[in-house]
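**Student:** Structure below; questions to follow.
Each value in this text was obtained by applying a stated rule to the coordinates, not by laboratory testing. Because the structure is predicted, anything quoted here is derived from the model rather than measured. Every residue, glycine among them, receives a Cβ derived from its backbone with ideal geometry; neighbour counts consider all protein chains shown.
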Amino acid sequence: MKKFLLTAALIALAGPAFAQHANTAIKPDALKWVDVPALPKGAQAAVVIGDPAKPGELYVVRLKVPANYQVPPHTHPYDTQILTVMSGSLALEMGEKFEKKGELLKAGSVLVHAGKTPHYVWTGTEETIIQAEGIGPAVGIEYVNPADDPRKK
């Protein structure tokens, strides 16, 4: 019930932001994929709608990662994102220690993710594309162990 209320609140707050993107069609082959230096090598992102750095703006971003990908424990400064597994599989678990336990979510799975909590991620044996949606700002990542930060290597 708590997740439902959180999702409903996000949608209600996003109403005006949705209006500015009404009747917009974005085709997958039109996306511009760019490397993401803040994530381990191999991650690419494409902004679908909006500007994730802009406060109060609706954004939709896709993240593409290779097979058997892992992101060490980290946090994000934003509050909440809605994540959809578009293809492949993804596990997102809470905690400050990486432990490959938990369920890989298959394509079509949706989860509401609270960004300010320590968590870690891994994927299955195929390339995975995840879509993240929310209200900006939604940028930033801080690794629990600073040595895991690829920007410092």
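**Student:** Kindly write out, for the range 109-117 in residue order, the coupling ³J(HN,Hα) from the Karplus curve 6.51 cos²θ - 1.76 cosθ + 1.60 (θ = phi - 60°), rounded to whole Hz, with x marking Gly and Pro.
**Tutor:** Running phi through 6.51 cos²θ - 1.76 cosθ + 1.60 with θ = phi - 60° gives 6, 10, 9, 9, 10, 8, x, 7, 9 Hz.
**Student:** At a Förster distance of 22 Å, what's the computed FRET efficiency of A107 paired with V139, Cβ-Cβ distance as r, to 0.05?
**Tutor:** E(calc), rounded to 0.05, equals 0.30.
**Student:** Can you flag which of K64/K153; K64/K101; K106/K153; K27/K116 are past 24 Å Cα-Cα?
**Tutor:** K106/K153; K27/K116
**Student:** Which residues' amide hydrogens lie under 5 Å from the amide hydrogen of L58, considering only partners 5 or more residues apart or on another chain, with H built in the peptide plane?
**Tutor:** Those lying under 5 Å, H to H, from L58 are G136.
**Student:** Using only the Cα atoms of the range 55-133, build the gyration tensor, take square roots of its eigenvalues as a ≥ b ≥ c, and label the shape rounded, prolate or oblate: rounded if a/c is under 1.5, else prolate if a/b is larger than b/c, else oblate.
**Tutor:** oblate
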